[in-house]
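Asks: After the structure tokens below, expect a handful of questions from me.
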Amino acid sequence: MTRSASILLVEDNPMDVELIIDAFKEARLGNKIQVAGNGKQALEFLFGQGSYGDRKQYPLPDIVLLDLKMPGIDGHEVLKRIKSTDMLKRIPVIILTSSRDEGDRAMSYDNGANSYLVKPVSFEDFLNVVKQVSDYWLILNVEPPLDETL
């Protein structure tokens, strides 16, 4: 049985946001998905700043789905900040991008990405990716403790 996990989707393309959310609904996955439309919003959400200060309303996510190519603070910078911050570094970050660039992939893994997925073109393929992400990261994977004192 799928546990209800919280997902932070960091994506600047509204069509991709809609596609991803639709794929989760179609797959009948009951995960709570919070959306950050750019890198700045993602960091504010993760650090509980600004309008995201209420951790009851905006708890830390169980996983982050992160696009790389965004204006302003890009996904590479968001990833670096997550993985260099004690309270965030154990949250799995899954790069979900259209980039097939070797440099992007290498830099993502060098900066601590847990997975690198290229966005499929068709909805059916996207649905399959969403199901596989859910099966692995939310069911099979044993998550690390987020508390540094353990």
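Asks: Starting with the fewest neighbours, write out Glu18, Glu44 ranked by other beta-carbon atoms found within 10 Å of each beta-carbon.
Replies: Glu18, Glu44
Asks: While we're here: How big is the range 31-150 in terms of Cα radius of gyration and Dmax, in angstroms?
Replies: Values for the range 31-150 (Cα only, Rg and Dmax): 14.3, 44 Å.
Asks: Would you mind ranking Tyr109, Tyr58 by Cβ crowding within 10 Å, fewest neighbours first?
Replies: The order, fewest Cβ neighbours first, is Tyr109, Tyr58.
Asks: Could you tell me the calculated FRET efficiency between Asp110 and Asp22, based on Cβ-Cβ distance and R0 = 41 angstrom, to the nearest 0.05?
Replies: Result of the calculation: an efficiency of 0.80.
Asks: Limiting things to C-alpha atoms, what are the Rg and the maximum Cα-Cα separation (Dmax) for the range 1-40, in angstroms?
Replies: When restricted to Cα atoms, the range 1-40 yields Rg and Dmax of 10.7, 34 Å.
Asks: Between their Cα atoms, which of Lys40/Lys83; Lys69/Lys119; Lys25/Lys56; Lys32/Lys131; Lys25/Lys119; Lys40/Lys80 are more than 20 Å away from each other?
Replies: Violating the 20 Å Cα-Cα cut-off are Lys25/Lys56.
Asks: Please give the contour-minus-distance gain from Asp135 to Asp86: 0.36 nm per residue of separation, less the Cα-Cα distance, rounded to one decimal in nm.
Replies: 15.0 nm
Asks: Expressed in nm to one decimal, what extension gain is obtained for the pair Asp74 and Leu60 from 0.36 nm per residue of sequence separation less their Cα-Cα distance?
Replies: Values: separation 14, 0.36 × 14 = 5.04 nm, distance 2.00 nm.
Between Asp74 and Leu60, full extension yields an extra 3.0 nm.
Asks: Also, quick follow-up: Kindly give Rg over Rh for the range 37-93, based on alpha-carbon atoms, with the Kirkwood expression for the hydrodynamic radius.
Replies: For the range 37-93, the value is 0.93.
Asks: On a full-extension model of 0.36 nm per residue, what is the gain between Val121 and Lys32, subtracting their alpha-carbon distance, rounded to one decimal in nm?
Replies: So the extension gain works out to 29.6 nm.
Each value in this text was obtained by applying a stated rule to the coordinates, not by laboratory testing. Since this is a predicted model, take the numbers as computed values, not measurements. Using ideal geometry, Cβ is built from the backbone for each residue, glycine included, and neighbour counts are taken over all protein chains shown.
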